[in-house]
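Trainee: So that we are looking at the same thing, I have put the structure below in structure tokens.
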Amino acid sequence: MPETENLHGANLIDAVYGDSPPPLDDPMENYFEASKLHLRALSWDVPGGIALDKSEELRLLTQRAARLNPSRPLIPLPAPAPVDASLTDVIDARRSAENFGRGELTLPVLSGMLEHSYRVRLVQGWPRRPVPSGGALYPLDLYVIAQRVEGLQPGLHHYDPFRHALTRARDVDHETLHLATLQPEMARDAAAMLVIGASFWRSRFKYGQRALRFCLLEAGHLQQNLLLLATGYGLACRPIGGFLDDDFTVDMDYDGVNEAPMYVTLVGPPADDGTPEPPKPRRPA
Ligand SMILES: Cc1cc2nc3c(=O)[nH]c(=O)nc-3n(C[C@H](O)[C@H](O)[C@H](O)COP(=O)(O)O)c2cc1C
């Protein structure tokens, strides 16, 4: 444990702005300002709220929030493998892996990761998922890039959260995507890369500029579910937020403006390939 007792909390604002005032057109500040809500302007700030109140058809339409690929054959998923660990153990044990083993990811484990992170279930007749979502609009889709998944051809697959099944999108150039994670060795060794993509308009029609914030927040919810499930299954995992956007965008058929990849997860058996010893969290004394 580093000696941090006598240090002040980090204040890096000078490192961001230096000696001069921020430029008036600073994109991050502008976006944050534009995405704020104001009591007196809620009908502009949340433009779809009234439309949804007025239209039963629109409300029903939003209940089918997923990319659907009806022309592709469905790859059914088996019953999920059970997770044999308590929630608190899993939370304490989660770590970002530095390396991965060469084993396969089994399909029941992949099925469990998808089922418990994002599968639709009916709650009082309404389709809901294990993650919270602004307005229950679910702007995210989940993709599996199989590299060594038992019974699954390598390549890009889309998760259908309504039917709990995969559809195969295409072969991908794995090496290009490994480089695109900026962690090529780790990505190459992972058994699968999961990609969380967002269709901003599925939230933006209601929440306007706020929608991007919601998509980012929701990607974090989904990622945490995936990481905790991976840990519970004894797998190694690592979230990747810094990736070369365009390479994933093209493979996922996103336009990169209204729809985009948000977050990548590397997952697979741990480096020693044996029964993983969950890392013991060290707490400050
Ligand atoms: C938003 C976010 C983005 C991240 N992006 C990357 C990344 O691009 N590459 C990487 O190797 N790790 C990435 N990580 C993993 C962090 O490096 C890791 O979480 C951090 O070192 C703390 O370690 P821990 O996850 O084991 O607690 C990211 C984590 C988060 C939350």
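Please treat every number below as a calculation from the coordinates, not as lab data. Not measured: the values here are computed from a predicted model. Reconstructed Cβ throughout: ideal geometry from the backbone, glycine too, with neighbour counts over all protein chains shown.
Trainee: Are there any helices in the chain, counted as whole DSSP H runs, that stretch 18 Å or more along their axis by Cα and score at least -0.5 on average by Kyte-Doolittle, and if so which?
Mentor: On the way: long enough: 210-232 (33 Å, 0.58).
Helices passing the filter in the chain: 210-232.
Trainee: Which is farthest toward the positive dipole end of the chain among Pro22, Leu110, Leu182, measuring Cα position about the Cα centre, with Cβ charges +1 (Lys, Arg) and -1 (Asp, Glu)?
Mentor: Checked the options; the winner is Leu110.
Trainee: Counting only DSSP beta bridges with both residues in the chain, what percent are antiparallel, rounded to the nearest 5? Please report the intermediate quantities before stating the final value.
Mentor: Details: 37 of 38 bridges.
The antiparallel proportion sits near 95 percent.
Trainee: Right, something else. Arrange the peptides 30-43, 86-99, 196-209 so that the one whose residues have, on average, the most other Cβ atoms within 10 Å appears first.
Mentor: Values: 30-43: 10.7, 86-99: 14.1, 196-209: 20.9.
The packing order, highest mean first, is 196-209, 86-99, 30-43.
Trainee: Right, something else. Between Tyr263 and residues 5 or more places away or on another chain, which pairs have amide H atoms under 5 Å apart, with H built 1.01 Å from N, and which residues are they?
Mentor: Those lying under 5 Å, H to H, from Tyr263 are Ile196.
Trainee: Hey, what's the per residue convex hull volume over the C-alpha atoms of the stretch 89-175, in cubic angstrom? It would help to have the intermediate numbers written out before the result.
Mentor: Working: hull volume 13.3 nm³, N = 87.
It comes to 153 Å³ per residue, whole-number rounded.
Trainee: Let me ask something else about it. Ordered by residue, what ³J(HN,Hα) values in Hz, to whole numbers, does the stretch 88-102 give under the Karplus form 6.51 cos²θ - 1.76 cosθ + 1.60, where θ = phi - 60° and Gly and Pro are x?
Mentor: Here the 3J(HN,Hα) series is 5, 4, 5, 4, 5, 8, 4, 9, 7, 5, 8, 7, 10, x, 9 Hz.
Trainee: May I pose another question? In square nanometres, what is the average projected area of the Cα convex hull of the stretch 160-222?
Mentor: 6.0
Trainee: Pull up all non-local amide H partners of Ala236: gap of 5 or more, or a different chain, and H-to-H distance under 5 Å with H placed in the peptide plane.
Mentor: Result for Ala236 returns Gly268.
Trainee: Around Ile145, which amide H atoms from residues at least 5 apart in sequence, or from another chain, sit under 5 Å from its own amide H, with H modelled in the peptide plane?
Mentor: Those lying under 5 Å, H to H, from Ile145 are His157, Met193, Leu194, Val195.
Trainee: With +1 on each Lys and Arg Cβ and -1 on each Asp and Glu Cβ, and nothing else charged, work out how big the dipole of the stretch 181-266 is about its Cα centre, in Debye to the nearest 20. Can you show the working numbers first?
Mentor: Values: 7 positive and 10 negative charges, 112 e Å.
Using only the charged Cβ atoms, the result is roughly 540 debye.
Trainee: Positive end of the dipole of the stretch 59-268, charges at C-beta (+1 Lys, Arg; -1 Asp, Glu), about the Cα centre: which of Val149, Pro161, Ala85 has its Cα farthest in that direction?
Mentor: Final value for the positive-end residue is Pro161.
Trainee: Given the options Pro239, Leu227, Ala211, identify the residue whose Cα lies farthest towards the positive end of the charge dipole of the chain (+1 on Cβ of Lys, Arg; -1 on Cβ of Asp, Glu).
Mentor: Ala211
Trainee: Order 55-67, 238-250, 220-232 from most to least packed using the mean count of other Cβ atoms within 10 Å. Walk me through the numbers before you get to the answer.
Mentor: Values: 55-67: 14.4, 238-250: 16.6, 220-232: 21.5.
Ranked from most to least packed, the peptides come out as 220-232, 238-250, 55-67.
Trainee: Oh, and also: Quote the charge dipole size of the stretch 59-268 about the Cα centre in Debye, to the nearest 20; the model charges only the Cβ of Lys and Arg (+1) and of Asp and Glu (-1).
Mentor: Details: 22 positive and 22 negative charges, 222 e Å.
Here the size comes out at about 1060 debye.
Trainee: How long are the semi-axes of the ellipsoid equivalent to the chain, from square roots of 5 times the Cα gyration tensor eigenvalues, in whole Å, largest first? The partial results should precede the final answer.
Mentor: On the way: eigenvalues 195, 156, 75 Å².
The equivalent ellipsoid of the chain has semi-axes of 31, 28, 19 Å.
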